[in-house]
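For reference, the structure is listed below as C-alpha cells.
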Amino acid sequence: MTFYEAIPHVREASRNDIIEIISERIPLKKSGRYFEACCPFHSEKTASFKVHEIKGTYKCYGCDAWGDAISFVEFYDGLTFNEVIYLLAERYHLSISNKSRKRSQQAIKKKTTYFQDTPPLSLKSSRQRKLS
C-alpha cells in the first residue's frame, strides 16, 4: 500500500480509536456523552478539553484547539503529519511500501533545504523601506 492509499485507512481507524489514542497521552474522564480532561495545550484548572467518541474529534473550549486523533498526536507529540501516519499505520498493522516512504522523506528534505536557502523576508513597511 502506498502512503497516500494508507491515509484514509489510518484516518478511519484512528477515528474509531480516538479515546484510546488520547488516553495513552493524557488521563480522560467519562462525563455524559463526552470524555474530558484538562487541556494539554494550555494550563488550566478545570477541564475544558472534550473528546467526542462517536464523531472521533476533540475540542478545547479554553484555547479553541480541535481536530481528530491524527492532529492530536501531531501537536501533542510534536510530529509531522507524515510521521503520525507512519506511527499509526504501524499501530494498525498497515504496511506502507518503502518506495513511498523514501519519496515522502525526499520531499520533506527538499522543503527544508528550500526554506534554509531562502533569505528571510523583510517585515518593514513600505514607508520604512523608502527611508532606508
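Annotations for the structure displayed:
- Distance between the pseudo-spin-label points of N82 and D17 (7 Å out from Cα toward the beta carbon): 2.2 nm.
- 3J(HN,Hα) along segment 57-73: 10, 10, 8, 9, 8, x, 10, 6, 6, 7, x, 10, 4, 5, 5, 4, 5 Hz, from the Karplus curve 6.51 cos²θ - 1.76 cosθ + 1.60 with θ = phi - 60°, whole Hz, x for Gly and Pro.
- The stretch between C63 and T2, if pulled fully straight at 0.36 nm per residue, gains 18.4 nm over its current Cα-Cα span.
- Apportionment of accessible area to carbon and sulfur, segment 1-83, percent (1.4 Å): 54 percent
- For K29, the aspartates and glutamates whose Cα comes closer than 15 Å to its Cα, not counting residues fewer than 8 places off in the same chain, are E20, E53.
- Counting only protein chain heavy atoms and rolling a 1.4 Å probe, the accessible areas of T46, T80 rank, largest first, as T46, T80.
The values are calculated or read from the model by the stated rules, or taken from the named source; none is laboratory data. Computed from a predicted model, the values in this text were never measured in an experiment. A quick note on method: Cβ atoms are made from the backbone with ideal geometry, for glycine too, and the neighbour counts reach across all protein chains shown. What goes into the accessible areas is simple: the full protein's heavy atoms, side chains included, and nothing from ligands, DNA or RNA. Shrake-Rupley method; radii C 1.70, N 1.55, O 1.52, S 1.80 Å.
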